[in-house]
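The values are calculated or read from the model by the stated rules, or taken from the named source; none is laboratory data. Quick caveat: nothing in here was measured; it's all calculated off a predicted structure. Cβ atoms come from the backbone with ideal geometry, glycine included; neighbour counts cover every protein chain shown.
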Amino acid sequence: MTATVAAQQSSTRPAPPAGTQGRATAPAAFRALLLRDVTVLRKNLKEFIPRTIMQPFLLVFVFTYVFPKIGQGVGGGGRGSAAFSTLLVAGVVALSIVFQGIQSVALPLVQEFGYTKEIEDRVLAPLPVSWVAVEKIVAGAIQGLVAALVVFPVAALVPATPVHLHVSWPVLLTLTPLACLTSGALGLTFGTRFDPRTVPMLFGIVVLPLTFLGAIYYPWSALGAVKAFGFPWLKVLVLANPLVYMSEGFRAALTTGVRHMSLPAIYCVLAGFAAVLTWLGIKGFRRRVIS
Amino acid sequence: MSQSAAPARPSPAEAPAPTDQVVIATEALTKVYPGNILAVDHLDLSVDQGEIFGLLGPNGAGKTTTEGMLTTRVLPTEGRAFVGGIDVVAEPARAKRVIGVVPQTNTLDRALSVWENLYFHGRYFGMGAKEARAAADYRLEQFRLADRASSPVTALSGGMAQRLMVARAILHGPAILFLDEPTAGLDPQSRLALWEIMGELHRGGQTIMLSTHHMEEADRLCDRVAIMDHGRILALDSPHGLKQSLGADTEVVVSADGPPERLASHLQARLGELRPGSDVRVVDDKVRVALRGVEGALPLILSLCEQGGLTVRDLSVTEPTLETVFISLTGKDLRE
């Protein structure tokens, strides 16, 4: 049946397209890889949206809708619960961006390296392997951005108590891409260092502490109250968590009146995280695809 | 660019050095994996434009590592390698422009449809949207996958997936097509279909490097075959030349009661006098005898066995194959 595939048709077909070597440039390949990832995102939007919304929605729903209704005190009730809803918006946006790094970059990479090897065709595209890694970060950042856009209305509209937002556009427009790139780089680093067997560890040991200690539910400065021998140990410890800077940054971008870390510190440390994680991610990526 | 352009041959701008026709060259190419595992040992190779070149050897011979180094996925420990005149270590991104790769495992993009796998591959290699669409349509038609265009790749049979991988690998008109065990695990019909495709590509002037442990595949398709074992080339010639080099034109496989070693040493001793140059080996509990002259070969072996008091259980005679060559070089079966 198929044995004569090529032979039969060759006489009637037009000549095959010529080679593309002359035009196969690295920037064109990079753009095409991005186009591929955006296409896949668009195709999977039906799964992407529920997957992205669920956790932030539940978080906001339980903490800022159910709790005030049942009289459970988070943030002190009354005026306090309104303030809590407001400060949670920033945390939830930061959280969903970080989760995209894990869900859209790290987990697919773990699968591709571990079982399917399907990334190989992209690794063989005519661009340096490190660019393929960077493309993963950028694609992850784009998904983080979409996630933030999807989650923001949820966090702003679901709470039972009013949310008082005050947007500082210059901060929002610079911090969001920085946070998205950092989380893409975080995803690349994790995705190249975990394998299918150790993925449960990734969630148990890395993602959980990252989120619970990411200044999502509380402003970072409030941790000063947690002391041992007079030393605010928790406030210092969580400084190793990039999510803290994102939450605090979005707090600065979206609210007034909630205390936050100084903006220069947020920008500097986040940029530092982005640089180090990108470097680690590229290194890990190269190690996984080139032997 | 349109579909009516020249056939899929390397464009002159990126083609190998103008003075010769060599498109793959290696110099003392060596790979030592961590743990001091020597996979490829000072390999010197040269493949000409338009050739189908076979790397034949058992698993672990170093075929995949060799192709891995030539396709930029494995970094050589030592030595150099060139594809289309480009140093694969110094300029991997440029080298990737001139190669098409069909790896051993299914690496189709599962997030994309059959058609999209080809379309995006074209885009990776610098094609515009219109051009990539035309190229994808063209190749799907050529490889008889057009009716599967919008299927997910996970719905393809093994043979169809492999055809799609080949279609994808040649989509951008690479100067060299690398195939790593392309028919392993395929049913006989799909295997034949793929051989047919490779033959057609070959007639169109496509240079192909093919690794296989399937001797019939190497025999049928390849212009030249390098027999590899333990990371080294043991022999390199056309399939015909390799078989000629045996100095034998007949292979008799015989098994008898008792230990095969006894049978082998008996035959070895007697044939040494009667048919000098015969090669006797124990492979897979059977004795393989390579000798010259098919005439009288079976009666001779039978009578020798009888004289030695050995009861023959099974006896067959064939022409020598590349496997015979491999056995005479290594003393072991290709499938081991």
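The table that follows gives values for the structure above.
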quantity	calculated
So residue A:205, is it crowded, with 17+ Cβ neighbours inside 10 Å and not hydroxyl-bearing (Ser, Thr, Tyr)	no
Per-region count, region B:85-104, residues among the small types (Gly, Ala, Ser), in contact (Cβ under 8 Å) with a residue 12 or more places away in the chain and within 11 Å of chain A (Cβ to nearest Cβ)	2
Residue match in region A:234-254 (condition: surrounded by fewer than 16 Cβ atoms within 10 Å (Cβ to Cβ), of a type in the set (Lys, Arg), more than 19 Å from residue A:183 (Cβ to Cβ) and touching a helix residue (DSSP H, G or I) at 6+ places or on another chain (Cβ under 8 Å))	no
Residue ranges of helices (runs of 4 or more DSSP H) in region A:26-82 with at least 3 members modelled with pLDDT under 90	A:45-60, A:67-70
Matching entry among A:222, A:215, A:265, A:271 (being surrounded by fewer than 17 Cβ atoms within 10 Å (Cβ to Cβ), within 22 Å of residue A:175 (Cβ to Cβ), within 17 Å of the chain's Cα centre (by Cα) and among the hydrophobic types (A, V, I, L, M, F, W, C))	A:271
Filter result for residue A:111 (assigned to a helix (DSSP H, G or I), buried (at least 24 other Cβ atoms within 10 Å of the Cβ), touching a residue at least 40 places away in the same chain (Cβ under 8 Å) and not charged (D, E, K, R))	no
Residue in region B:123-143 that is surrounded by the most Cβ atoms within 10 Å (Cβ to Cβ), counting only those that are facing another protein chain (nearest Cβ under 7 Å) and part of a loop (DSSP other than H, G, I, E, B)	B:125
Those residues of region A:184-242 which are outside any helix (DSSP H, G or I) and touching a residue at least 60 places away in the same chain (Cβ under 8 Å), in sequence order	A:194, A:195, A:214, A:215, A:216, A:217, A:218, A:219
Some residue of region B:105-122 being crowded, with 24+ Cβ neighbours inside 10 Å, at pLDDT 95 or above, facing chain A (nearest Cβ under 9 Å) and over 16 Å from residue A:119 (Cβ atoms)	yes
Which numbered condition residue A:118 misses (of (1) surrounded by fewer than 23 Cβ atoms within 10 Å (Cβ to Cβ); (2) in a helix (DSSP H, G or I); (3) not basic (Lys, Arg))	(2)
Residue within region B:46-57 that is over 13 Å from residue B:24 (Cβ atoms), out of contact with any helix residue (DSSP H, G or I) (no Cβ under 7 Å at 6 or more places or on another chain) and among the hydroxyl-bearing types (Ser, Thr, Tyr) present	no
Subset of region B:71-84 (residues that are away from chain A (no Cβ under 12 Å) and either crowded, with 20+ Cβ neighbours inside 10 Å or free of Cβ contacts under 8 Å to residues at least 40 places away in the same chain (or both))	B:81, B:82
Meets criteria (more than 14 Å from chain A (Cβ to nearest Cβ) and without any contact (Cβ under 8 Å) to a residue 40 or more places away in the chain) for residue B:271	yes
Boolean, residue A:276 is modelled with pLDDT of 90 or more and closer than 17 Å to residue A:97 by Cβ	no
Matching residues in region B:297-329 - criterion: being β-branched (Val, Ile, Thr) and more than 32 Å from the chain's Cα centre (by Cα)	B:301, B:311, B:312
Selection count where residues are part of a loop (DSSP other than H, G, I, E, B) and either modelled with pLDDT of 95 or more or surrounded by fewer than 24 Cβ atoms within 10 Å (Cβ to Cβ) (or both), scope region B:34-70	9
Residue in region B:173-185 that is modelled with the lowest pLDDT, counting only those that are of a type in the set (A, V, I, L, M, F, W, C) and buried (at least 18 other Cβ atoms within 10 Å of the Cβ)	B:175
Segments classed as helices (runs of 4 or more DSSP H), wholly inside region B:144-223, with at least 3 members that are away from chain A (no Cβ under 11 Å), more than 24 Å from residue B:128 (Cα to Cα) and of a type in the set (Gly, Ala, Ser)	none
Selection count, region B:79-89, where residues are modelled with pLDDT under 95 and either polar (S, T, N, Q) or over 21 Å from residue B:49 (Cα atoms) (or both)	0
Residue list for region B:224-267, restricted to those being assigned to a strand (DSSP E or B), at pLDDT below 90 and not aliphatic (A, V, I, L, M)	B:250, B:251, B:255
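Yes/no per residue for (1) touching a Lys or Arg at 6+ places or on another chain (Cβ under 7 Å); (2) within 25 Å of residue B:236 (Cβ to Cβ):
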{"residue": "B:266", "(1), (2)": "no, no"}
{"residue": "B:276", "(1), (2)": "no, no"}
{"residue": "B:281", "(1), (2)": "yes, yes"}
{"residue": "B:284", "(1), (2)": "no, no"}
{"residue": "B:301", "(1), (2)": "no, no"}
{"residue": "B:310", "(1), (2)": "no, no"}
{"residue": "B:332", "(1), (2)": "no, yes"}
